[in-house]
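For reference, the structure is listed below as structure tokens.
Here, each number is a calculation from the coordinates, and none is a lab measurement. Here the structure is a predicted model, which is why all the values come from computation and not from measurement. Here Cβ is always computed from backbone atoms with ideal geometry, including for glycine, and neighbour counts include all displayed protein chains.
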């Protein structure tokens with residue numbers, strides 16, 4: 001692993017991280033012929049048993065049959081150390097989501113081509129018997145040869161592998177039926193396609209809502225906001241956003257509406273009538289090949305505030321409830337275990353960069369010293385460690401508690417991290433009680449306790465050493481320990497710092513394992529793990545170095561540090577020297593730094609004594625926007641998450657709150 005990037009997976013050499021999301025991490029890789037590929041390593045393990053593995057590979061094989069025009073070809077799949085991976089054609093370019101955020105909405109011929117091309121891709125996907133299930137702007141890449149749709153078939157493959165227990169998709173683009181017990185059909189992709197086109201043309205989603213309950217209420221009961229779409233595209237999109245899946249066109253029909261001719265001779269069949277209580281059955285004819293481009297009509301809108309619908313599906317009549325008003329809260333409880341209560345009174349604009357994504361998260365009775373982001377049972381969560389001696393889990397979507405309180409430490413909890421043990425998530429914590437604990441976040445049980453430090457343990461991280469999951473810990477005894485996560489044996493002990501080690505992390509340089517650490521003695525040190533020796537002591541900070549994060553920028557492994565001198569510094573680990581001038585702006589100690597990739601831009605998140613969090617461009621070293629203000633005391637810890645569909649910065653403070661900030665631009 002180099003800078004957090006695995007060396008190779010399934011015969012593909014991984015070059016650099018392209019991005020991470022709710023399903024997994026995507027890396028740029030090369031095959032044996034030096035061709036470039038995208039390798040997606042999924043969070044969830046499909047190799048629990050042979051049957052699950054066969055189902056997973058079978059579904060990926062189906063995805064490989066999709067015609068390659070307008071889609072990124074699926075090339076290969078397998079399992080690497082308990083985690084499934086999928087290899088596809090690498091398409092250089094920005095996602096539609098990133099492009100619109102950066103350059104603004106599409107218009108004119110560009111919008112027309114986008115609509116036609118993506119509808120053609122969707123038709124090809126459907127002809128292969130696949131439902132995409134997660135069609136959205138982030139899954140449309142604007143490549144050098146035009147728009148390309150990616151990630152089709154992955155959601156179904158995960159389902160067949162038995163690794164999903166909740167609804168699949170990105171809520172802002174999910175169809176109403178995906179929030180209930182109805183089968184997910186190709187019609188859900190049509191709904192998502194329409195939402196994607198609305199975003200492309202306007203820069204906003206068709207259904208507003210800054211919380212899931214508000215968003216659900218809007219999707220199930222509200223009318224879509226298609227203002228800004230040109231006619232007749234607006235009428236086509238409205239038809240695709242019908243609450244009733246049977247009122248939406250098929251992908252083949254959609255392509256005909258947009259281009260005037262079908263993409264292929266194969267036509268899909270669908271029931272002919274939709275009967276709604278109090279309204280006659282409707283049948284909307286589909287224009288044939290002679291129809292003009294952008295031709296078509298949305299037809300009568302299906303009412304949404306009715307008590308029930310009768311739908312004929314293959315000759316069988318079924319009653320489908322339509323949720324209205326405050327009843328959406330009941331649906332939320334059933335599907336996502338949200339707290340009881342009504343949704344927000346009306347739609348609200350999605351928060352933009354630097355705005356709070358929700359109200360502060362409360363629950364700890366003392367300082368929150370550390371925060372980490374991960375997933376538990378498919379739910380995006382944050383783990384927080386506090387001076388109240390507990391570790392707590394929070395649902396990043398709702399802000400509510402996401403599991404039992406983890407109790408057992410008898411001192412302040414200084415640091416927390418997520419790891420994986422036998423393909424299951426674990427939480428690791430370090431405390432001033434001189435111990436490191438490993439927890440099962442599902443039931444709150446203690447998996448193991450490490451007690452090799454002679455003093456407070458200030459930092460903990462997870463990683464991989466000799467193909468084994470490990471825990472790295474550091475503390476007041478000036479030592480760094482590497483422990484096997486499986487059997488809790490100490491593998492390596494590193495000493496040399498003069499004073500407390502405040503942070504440590506494991507990485508790889510040229511295929512060999514290394515530890516980078518930061519300490520009270522004002523140094524950043526680089527260690528050869530196999531030889532258990534120090535290789536370099538980097539100086540530049542004036543005073544203790546409190547924070548450390550590792551990343552890769554332009555293929556170069558770097559460390560980012562923050563300290564008592566109020567500066568943030570970037571270090572070239574290959575050259576073993578400081579890279580450029582320090583970043584300044586905080587008034588007082590920089591207590592925490594974290595690195596992330598935001599819309600293909602490498603960023604640094606920092607938190608300080610001055611009660612602020614700040615975002616920096618790693619390449620230009622310039623701040624992005626104004627400081628994030630809201631905490632009433634020092635910011636002890638920062639991290640990021642893009643697992644909810646919206647990029648977030650998470651900040652934990654001495655004021656006992658956890659705050660979530662939007663990084664959407």
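Given a Förster radius of 45 Å and the C-beta distance between residue 8 and residue 632 as r, what FRET efficiency does 1/(1 + (r/R0)^6) yield to the nearest 0.05? The calculated FRET efficiency here is 0.40. With a Förster radius of 25 Å applied to the beta-carbon distance between residue 490 and residue 601, the computed FRET efficiency rounds to 0.05.
Taking 0.36 nm per residue of separation and subtracting the Cα-Cα distance, full extension of the segment from residue 103 to residue 36 would add 21.4 nm.
Classify segment 368-662 from the C-alpha gyration tensor, please: rounded if a/c falls under 1.5, else prolate or oblate depending on whether a/b exceeds b/c. In terms of gyration-tensor shape, rounded. Between residue 510 and residue 231, how high is the FRET efficiency from 1/(1 + (r/R0)^6) when r is the Cβ-Cβ distance and R₀ = 35 Å? Nearest 0.05. So, using R0 = 35 Å, E works out to roughly 0.05. Between residue 449 and residue 359, the distance separating the two model label sites (each 7 Å from Cα on the Cα→Cβ line) works out to 3.7 nm.
The listed peptides 394-400, 92-98, 245-251, ordered by packing as a protection proxy, come out as 245-251, 394-400, 92-98 (highest mean of other Cβ atoms within 10 Å first). The modelled label-to-label distance between residue 665 and residue 536, using points 7 Å beyond Cα along the C-beta direction, is 2.9 nm. Sorting 12, 173 from the fewest to the most surrounding beta carbons within 10 angstrom yields 12, 173. Taking label points 7 Å from Cα along the Cα-to-Cβ direction, residue 577 and residue 468 give a separation of 3.8 nm.
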